[in-house]
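**Student:** Let me give you the structure first, and then I'll get to my questions.
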Amino acid sequence: MLRFDQAPGSGPARTATLASGDAEAEALWELRTALQRTPPEVPCKYFYDDRGSELFEQITRLPEYYPTRTERALLVAQAGAIVEEAGGARLSEVVELGSGAASKTVALLEAALRSGGRPRYVAVDISAHALARTRELLAKARPEVPVDEVLADYTKDLRLLPALGGGRRLALFLGGTIGNDEDPEAIRLLERIRNQLAPGDLLLLGANLVTDPAVIHAAYNDSAGVTAEFNRNILRSVNALARSTFDPAQFEHYAPYVVDRQRIEMWLVPRKDLVVDLGRIGGRLELRRWEAIRTEISRRFTREQVTHLLEMAGFSPERWLESPDGRFGLALGRALASLGGL
Ligand code: AVJ
């Protein structure tokens, strides 16, 4: 239960993920609202402080965590086809939301270069650490591709500069991150992306697909304990932002695949009754033993569900690509003209 003694404070930005004092005050409000829910929640974007981004990179290399390598193989195999669909040599810009370490994007940029284009790459991420890794990786792999970095929280708003020279734009939303949201929020996010595109531009959307529950379970319960560490780290990230007193060691990682909801749920379960001083969030959080905090949902979809999300957000589904094992899908959607008024 959340107790209020004071309003959340604001002040100078303390972390790289929050560019302004305003954004910081907003984050404190968002955390307060989320922790007030039953069950209490911490929004999953707070995973991605510098340490969290680093831990996620480690996760992508774990033998159990199949999504990254499955999606990468699919992208590498289909990069030529995707680029052709996106305008070939006329593709002038690849914009990636949640660029992370961008290791998958190089294949697409190489395909664009092969088709005679001169693409620029725009990386949008909430983590300054992730953006720096992106820059490093691209400078090494493809120094001729200009890179723009945008430090932004695209779950809040998204404003891109118009594409240069009237060329085509390809937006990427990969990794299965769309699965972190329920349908209404997922559709709003895709709509926001579409509003930044010109009619005819493309979105490539990566989605985890419904598959063997045991395989999914293992991916979020790795034997090295990296995912558990990643989960607990969200509390450190909140502490740094809010000067709260969560003790990560007092929480257990619990991440079941809930078969009938087709989603992983990540929880942090207190081993004993706790009182946490919420610092600049305001008040205290009283948790009983086993009264868990939800930190993430990560959904699995069917092809039909992914197509439906695209359509609801104003894209016409153009192409569906699926990994040979059926665990991961990429949907290409073309931005339709806005109906106006949005
Ligand atoms: C980065 C959101 C795609 O949902 O699989 C990995 C995050 N959480 N292990 C996912 C995550 C636990 C990941 N995404």
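**Student:** Check Leu278, Leu285, Leu268, Leu274 and return the single one that is within 14 Å of the ligand (Cβ to nearest atom), more than 25 Å from Glu191 (Cα to Cα) and hydrophobic (A, V, I, L, M, F, W, C).
**Tutor:** Criteria check complete, one pass: Leu268.
**Student:** Also, quick follow-up: Could you give every pair whose Cβ atoms fall below 6 Å, whose first residue belongs to region 152-178 and is open to solvent by less than 60 Å² (accessible area, probe 1.4 Å), and whose second residue is modelled with pLDDT under 80, counting only separations of at least 6 or pairs across chains?
**Tutor:** Close Cβ pairs (under 6 Å, with a partner that is modelled with pLDDT under 80) amount to Arg169/Ala163.
**Student:** From Leu137, Leu75, Leu131, grab the single residue that is of a type in the set (A, V, I, L, M, F, W, C), in a helix (DSSP H, G or I) and within 27 Å of Trp320 (Cα to Cα).
**Tutor:** Leu75
**Student:** If we scan region 159-176, do we find a residue that is modelled with pLDDT under 90 and within 18 Å of Phe315 (Cβ to Cβ)?
**Tutor:** Yes, some residue in region 159-176 is modelled with pLDDT under 90 and within 18 Å of Phe315 (Cβ to Cβ).
**Student:** Would you please name the residue that is modelled with the highest pLDDT, looking only at residues in region 22-52 that are among the hydroxyl-bearing types (Ser, Thr, Tyr) and closer than 12 Å to Ile234 by Cβ?
**Tutor:** To start, the set of residues in region 22-52 that are among the hydroxyl-bearing types (Ser, Thr, Tyr) comprises 33, 38, 46, 48.
Still in the running and closer than 12 Å to Ile234 by Cβ: 46, 48.
Values: Tyr46: 97, Tyr48: 92.
Among them, the one singled out is Tyr46.
**Student:** Sticking with this structure for a sec: Given the options Asp222, Asp247, name the one that is over 21 Å from the mean Cα position of the chain (by Cα) and either within 16 Å of the ligand (Cβ to nearest atom) or modelled with pLDDT of 95 or more (or both).
**Tutor:** Working: Asp222 fails: over 21 Å from the mean Cα position of the chain (by Cα).
Just one listed residue meets the conditions, Asp247.
**Student:** Now for a separate question. Filter region 180-219 for residues that are in contact with a helix residue (DSSP H, G or I) (Cβ under 8 Å, 6 or more places away or on another chain), within 14 Å of the ligand (Cβ to nearest atom) and either assigned to a helix (DSSP H, G or I) or aromatic (Phe, Trp, Tyr) (or both) and give the result.
**Tutor:** Asn180, Ala186, Leu189, Val215, Ala219
**Student:** Taking only region 27-50 into account, find how many residues are open to solvent by 60 Å² or more (accessible area, probe 1.4 Å), farther than 17 Å from Arg243 by Cβ and either of a type in the set (A, V, I, L, M) or part of a helix (DSSP H, G or I) (or both).
**Tutor:** Kept after step one, since they are open to solvent by 60 Å² or more (accessible area, probe 1.4 Å), are these residues of region 27-50: 29, 33, 36-38, 50.
If we keep only those that are farther than 17 Å from Arg243 by Cβ as well, we get 33, 36-38, 50.
Remaining after also requiring either of a type in the set (A, V, I, L, M) or part of a helix (DSSP H, G or I) (or both): 33, 36, 50.
Residues meeting the conditions: 3.
**Student:** Also: Would you call Val95 without any contact (Cβ under 8 Å) to a residue 40 or more places away in the chain, closer than 29 Å to Ala128 by Cβ and either outside any helix (DSSP H, G or I) or away from the ligand (no atom under 16 Å from the Cβ) (or both)?
**Tutor:** No: the conditions fail for Val95.
**Student:** Follow-up question, since we're still on this one. Being at pLDDT below 95, within 16 Å of the ligand (Cβ to nearest atom) and either surrounded by fewer than 20 Cβ atoms within 10 Å (Cβ to Cβ) or assigned to a helix (DSSP H, G or I) (or both), is that true of even one residue in region 104-124?
**Tutor:** Looking through region 104-124, at least one residue is at pLDDT below 95, within 16 Å of the ligand (Cβ to nearest atom) and either surrounded by fewer than 20 Cβ atoms within 10 Å (Cβ to Cβ) or assigned to a helix (DSSP H, G or I) (or both).
Yes or no, residue by residue, for (1) among the basic types (Lys, Arg); (2) farther than 19 Å from Phe56 by Cα:
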site	(1), (2)
Glu93	no, yes
Ala102	no, no
Leu108	no, yes
Arg114	yes, yes
Arg118	yes, yes
His129	no, no
Leu137	no, no
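**Student:** Restrict the check to region 78-89 and report whether at least one residue is touching a residue at least 60 places away in the same chain (Cβ under 8 Å), among the aliphatic types (A, V, I, L, M) and either surrounded by fewer than 20 Cβ atoms within 10 Å (Cβ to Cβ) or within 16 Å of the ligand (Cβ to nearest atom) (or both).
**Tutor:** Looking for residues that are touching a residue at least 60 places away in the same chain (Cβ under 8 Å), among the aliphatic types (A, V, I, L, M) and either surrounded by fewer than 20 Cβ atoms within 10 Å (Cβ to Cβ) or within 16 Å of the ligand (Cβ to nearest atom) (or both), one finds at least one in region 78-89, hence yes.
**Student:** Can you work out which of the residues in region 288-304 that are touching a residue at least 60 places away in the same chain (Cβ under 8 Å) and basic (Lys, Arg) is nearest to the ligand (Cβ to nearest atom)?
**Tutor:** Arg299
**Student:** Restricting to region 277-292, name every residue that is open to solvent by 20 Å² or more (accessible area, probe 1.4 Å) and touching a Leu at 6+ places or on another chain (Cβ under 7 Å).
**Tutor:** The answer is Arg280, Arg284.
The values are calculated or read from the model by the stated rules, or taken from the named source; none is laboratory data. Since the model is a prediction, treat every value here as computed from it, not as a measurement. We place every Cβ from the backbone using ideal geometry, glycine too, and count neighbours over all the protein chains shown. Side chains included, ligands, DNA and RNA excluded: accessible areas come from the protein's heavy atoms. Shrake-Rupley method; radii C 1.70, N 1.55, O 1.52, S 1.80 Å.
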